Number of protein chains: 2
Amino acid sequence: MHFVAHINIMPLKELLDPQGKAVNSSLHNLGLTQIQNVRVGKHMTLNVEAKDKAEAEALVTDACKKLLANLVMESFEVNITEA
Amino acid sequence: MHFVAHINIMPLKELLDPQGKAVNSSLHNLGLTQIQNVRVGKHMTLNVEAKDKAEAEALVTDACKKLLANLVMESFEVNITEA
């Protein structure tokens, strides 16, 4: 079966997010002061071939742990949908 | 009212995604050959103060068009939830 994975990889909440801070102040310079607490991470989509949804989720989680996310500094969320 | 915005910014489908290609081949080197067609973009979360959800969505869309997304090469998706 074919599945599509949507992955969000974000810096851990406890860590400073310099990129988020920079975007936040740039938005304020543009007059968008209603926006606060910007955090910036990665969004990935990929196709995965698996016999069922559970196996697809396990494969993608494995990929996140091995390569896609730096678990010392980042957390990840996986969302699997049928293609 | 307080809202949280979840934003996905992805390279346009027509464009080459070298980062996605690199991740794809690295995953294959790790033996995860069931994974194909990796695409890499940005995920952002932010807090926005607005009188209602529609205004929050308009503010965040404005921020995406002005700063967060490069509309020549990227598309964006905004998802607003109450804080």
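Helix A:53-63 axis versus longest C-alpha principal axis of chain A: approximately 60°, rounded to the nearest ten. For chain A, the carbon plus sulfur part of the accessible surface works out to 55%, probe radius 1.4 Å.
Straight-line reach from A:Lys42: which lysines have a Cα under 26 Å away, not including same-chain ones fewer than 8 places off? Reachable lysines: A:Lys13, A:Lys21, A:Lys53, A:Lys65, A:Lys66, B:Lys13, B:Lys21, B:Lys42, B:Lys53, B:Lys65, B:Lys66. Relative to the other identical copies, B:Lys53 shows label-point distances of 2.3 nm, where the label point lies 7 Å from Cα along the Cβ direction and values run shortest first.
Basic side chains Lys and Arg get +1 at the Cβ, acidic Asp and Glu get -1 at the Cβ, and with that the dipole of segment B:2-82 about its Cα centre reaches some 320 debye. In this structure, the amide hydrogen of B:Ser75, modeled 1.01 Å from its nitrogen in the peptide plane, lies closer than 5 angstrom to those of B:Met10, B:Leu12, counting only residues at least 5 positions away or on a different chain.
Per the accessible-area calculation with a 1.4 Å probe, the total area buried between chain B and chain A rounds to 2600 Å².
Per DSSP helix of 4 or more residues, -39500 (n - 2.57); summed, then divided by the residues of chain B. What does that give at 222 nm, rounded to the nearest 500?
Calculated from helices alone, the mean residue ellipticity at 222 nm is -8500 deg cm²/dmol.
The values are calculated or read from the model by the stated rules, or taken from the named source; none is laboratory data. Computed from a predicted structure; not experimentally measured. FYI the Cβ positions are ideal-geometry reconstructions off the backbone, even for glycines, and counts take in every protein chain you see. What goes into the accessible areas is simple: the full protein's heavy atoms, side chains included, and nothing from ligands, DNA or RNA. Shrake-Rupley method; radii C 1.70, N 1.55, O 1.52, S 1.80 Å.
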